[in-house]
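See structure below.
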Amino acid sequence: MKTNYDLKMQQIVNNLEGKPKLLLHSCCAPCSSSVISRIKELFDITVVYYNPNIYPENEYLKRKTDQIRLLKLLNVKFLDCDYNEQEFLSQVVGLEAEKEGGARCPKCFMLRLKYTAQKAKELGFDYFGTTLTISPHKNEQIINLLGESLEKDINVKFLYSDFKKHNGYLNSIKLSKEYNLYRQDYCGCRYSLRNN
C-alpha cells in the first residue's frame, strides 16, 4: 500500500512554528522552480546543488549555471558543491547495466539525500528535503523512505513530499518557459544518457 506523502507534508506544514530553515536538494532549475514556488512562504530555503551523478561535466555546469540564475531571480540562497562523478560511480558498481528506474536509482537518491541530511545537521537546518519527487520518472515512495531512514540516522527532520501533486510537474514546465530555463532530455548520469 502506497503512503500519501503529499498528505504527510501537509501535516508537517500545518504544525510549523515560524519559518523553519530548510536545506533543499535540487537536481535542476526546472524542478526547483515549481517546488520553491509552492513552499517559499513556509520555509527559509537554501538550495544545495549536490549532483555527482550528472555526466558529462559540461552538462553538470550547464544545469548548475541555470540553477544559480533562477535562485538569484527568486532571491533564494544557494549552497554549492564540487563536481566529483567518482562519488556516484563508486556507489553504483555492479549496477551499470540496470535500466533507468531500476536498482541503480535508489543508490543515487541515497547518495544525494545523505549528503543533504549531513549538511543540514552540520549547518543547523531544521529540515532537509529534495525536489526529486516532482519528476513523474522518480519513485516518490522510495525517495521518502530513504529520507525517513536518514531522518532517524542523522537526527534531522525530513520534509516528506510528493511534489508531483497539485500539478507540480506541469507547473515546472510552465515556469521553465517563463524563466527560459534549460530543460535536459535525460536524468543525468552516463547510464541514463546511454538509455536515452
Worksheet item: Restricting attention to segment 53-104, which residues are of a type in the set (Phe, Trp, Tyr) and out of contact with any strand residue (DSSP E or B) (no Cβ under 6 Å at 6 or more places or on another chain)?
Response: TYR55, TYR60, TYR83, PHE88
Worksheet, complete the sentence: Selection over segment 145-166 where residues are open to solvent by less than 100 Å² (accessible area, probe 1.4 Å) and either more than 22 Å from LEU113 (Cα to Cα) or in a helix (DSSP H, G or I) (or both) yields a count of 8
Item to complete: Test ASN58 against the stated conditions and say whether it is polar (S, T, N, Q) and out of contact with any helix residue (DSSP H, G or I) (no Cβ under 9 Å at 6 or more places or on another chain).
Response: yes
Worksheet item: When both residues are 6+ apart or on different chains and their Cβ atoms are under 9 Å apart, which pairs have a first residue that lies in segment 38-51 and is under 19 Å from LEU175 (Cα atoms) and touching a residue at least 12 places away in the same chain (Cβ under 8 Å), and a second that is among the β-branched types (Val, Ile, Thr) and part of a strand (DSSP E or B)?
Response: ILE39/ILE45
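Does TYR186 meet the test of being at pLDDT below 95 and either within 21 Å of LYS64 (Cβ to Cβ) or of a type in the set (Lys, Arg) (or both)?
For TYR186, the condition - at pLDDT below 95 and either within 21 Å of LYS64 (Cβ to Cβ) or of a type in the set (Lys, Arg) (or both) - is met.
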Fill in: Hits in segment 167-196 (condition: surrounded by 15 or more Cβ atoms within 10 Å (Cβ to Cβ), over 15 Å from the mean Cα position of the chain (by Cα) and of a type in the set (A, V, I, L, M, F, W, C))
ILE173, LEU175, LEU181, LEU193
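The values are calculated or read from the model by the stated rules, or taken from the named source; none is laboratory data. Owing to the predicted nature of the structure, the values given are computational and were not obtained by experimental measurement. For neighbour counting, all protein chains shown are included, and Cβ atoms are generated from backbone atoms with ideal geometry for every residue, glycine included. Keep in mind that these areas ignore ligands, DNA and RNA; they rest on the heavy atoms of the full protein, side chains included. Shrake-Rupley method; radii C 1.70, N 1.55, O 1.52, S 1.80 Å.
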